[in-house]
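S.K.: Pasting a structure here, questions to come.
A short reminder: the numbers here are calculations on the coordinates, not readings from a lab. What you see is a predicted model, and the numbers here were worked out from it, not measured in a lab. Counting neighbours? That spans all protein chains shown, and the Cβs are built from the backbone with ideal geometry, glycine included.
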Amino acid sequence: MLLHMLSHPLPQVKAETYHCCLEITKECLGVHNVTKSVSSLCNGIHFLLHPKVLYEICVFGIQDPKSEVNTAAKAILLYLLQGRLMMTALTWNKFIESLCPVIPILQGYADTEDPLGNCILLLSKASSDTEEILPCTTRLKSMLRLLLVKKPSVRSLALKLLAFHLTSEDGADTKRPLIDAWSSLQSYEFIHCEETYRTQTG
């Protein structure tokens with residue numbers, strides 16, 4: 001039923017459905033709930049974590065021509081991506097599992113200067129003192145895709161993430177050829193020049 005409402009042919013119905021989903025998400029994950037029990041809060045958003053529902057929001061909602069719909073869809077995703085502290089580990093893991101199939105689509109919105117775009121970038125980040133959000137293989141694929149994004153700032157960050165990943169993984173010092181993180185970053189100039197060439201000759 002929810003999928004039918006999210007994709008309803010009448011714009012008013014679709015917009016109202018997204019608005020209601022956003023209000024529920026705000027109510028469950030808003031900062032005003034910081035002192036409440038996490039387990040009692042995140043149950044209210046489980047209906048959004050079904051893979052088909054997330055797919056509908058990520059693929060069609062944020063691209064909808066009606067501003068009321070795409071704005072609400074982006075806000076819902078932003079609340080979910082920023083809501084880890086308001087969710088139980090089980091709910092967060094379910095969200096990430098459902099999100100993985102649409103990450104290639106979401107990465108088209110990756111941006112260092114946009115709140116949602118930055119949250120999408122954070123999915124690919126990991127360091128020695130923080131837990132990885134995505135499974136290792138999925139995260140590696142996400143970094144490689146980010147190298148193909150149009151924005152130079154995103155590609156630059158992707159290159160840094162990839163260099164860090166390759167130089168910090170287990171047994172990196174025994175693999176050949178040896179990868180130097182700093183030398184790897186210099187190849188960003190090549191990526192930039194390649195895009196410039198395509199623009200001039202296209």
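S.K.: In whole Å, largest first, what are the principal axis extents of the Cα atoms in segment 1-138?
M.R.: 49, 34, 26
S.K.: Still on this model: Evaluate the relative contact order of segment 56-142 (contact order divided by residue number), counting alpha-carbon pairs under 8 angstrom at least 6 apart; express in whole percent.
M.R.: Details: 67 pairs, mean separation 19.6, N = 87.
Relative contact order, segment 56-142: 23 percent.
S.K.: For LYS36, which lysines qualify as cross-link partners when the Cα separation must be under 25 Å and same-chain residues fewer than eight apart are set aside?
M.R.: Partners found: LYS26, LYS94.
S.K.: Distance from a point 7 Å along Cα→Cβ of CYS20 to each backbone N in segment 61-77: keep the residues under 17 Å and list them by number.
M.R.: 69, 72-73, 76
S.K.: Could I ask something else about it? Positive end of the dipole of segment 1-109, charges at C-beta (+1 Lys, Arg; -1 Asp, Glu), about the Cα centre: which of CYS20, ASN43, THR71 has its Cα farthest in that direction?
M.R.: About the Cα centre, the residue reaching furthest to the positive side is ASN43.
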